[in-house]
Amino acid sequence: MRRGNRPSQSPAGHPRFWGRHAVIAAIANPARNVRRIWGTREALAALDLPPVIPTTFADAADLGRLVPHDAPHQGLVIEVDPLPDIWLGDLLEDAQGNRQPLVILDQVTDPHNVGAVLRSAAAFDAVGIVTQDRHAPPESGALARAASGALEQVPWVRVVNLARALDEIAEAGFWRIGLTGHAKATLGEVMGDGRIAIVLGAEGEGMRQNTEAHCDELAKLPISARVESLNISNAAAIALYAASTR
């Protein structure tokens, strides 16, 4: 097997997660089916594993063959089933009375970025994130590692049509704010006191025109002219912080 092509999933297509935070969070999540765990004796001894999970002791070199090259497995690798689908209507119903923000990602495909956004969403108690089904990364070890456990904690809704989803989000009482560098107003000027949904586009391309048209306001972050733009995960973290401290 070539060094650059080590698997991020099993031959049957089941995702493999690695690293203590991702593994421990997945085991603790009652909605997650963990199919198998591999680990060093030291790493496994520190876990309180349910007896139903098939467990294999392995050394660090063997674990390295189960994951992409140089993946920081920290002595633990698990094979899982993807989480069950969450319906947007159910998420919005559960969020009634909650003033925390919702995050919508428009064709953000980098798993590290989506994982980092999930981590920020968990840190600032966002009600969830919404992405398209076809233009978003699947659950993977890289995404779970970047999320540092938040993949198991933050509801993630995948929708077929983002424009229709934005309409449904508006009907649920959210003020939809699209973050874009060409906006005239800043985020602080347009947030108000109600429930907000923060919409972010992919790096480089930004939000699509149809997505912008389904936002109530467009806003920018007041960053220095010395920087053209921020990484999407950084922008999401700043926007979530601003929303949580209104």
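We did not get these values from a lab; they are worked out from the coordinates using the rules stated. What you are looking at is a predicted structure, and each value in this text was computed from that prediction instead of being measured. Cβ placement follows ideal geometry from the backbone for every residue including glycine, while neighbour counts extend to all protein chains displayed.
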Local charge sum around VAL23 (other residues, Cβ-Cβ under 12 Å, Lys/Arg +1, Asp/Glu -1)?
+3
Spelling it out for THR186: with amide H atoms placed in the peptide plane at 1.01 Å from N, the residues 5 or more places away or on another chain with amide H under 5 Å from its amide H are LYS220
Cα gyration tensor shape for the chain, rounded if a/c is under 1.5, else prolate or oblate:
prolate
Cβ-Cβ cut-off under 14 Å around ILE78, Lys and Arg +1, Asp and Glu -1: the net charge is +2
Does a label point 7 Å from the Cα of ASN161, set along Cα-to-beta-carbon, have any residues of the stretch 207-228 with amide nitrogen under 18 Å, and which are they?
208-215
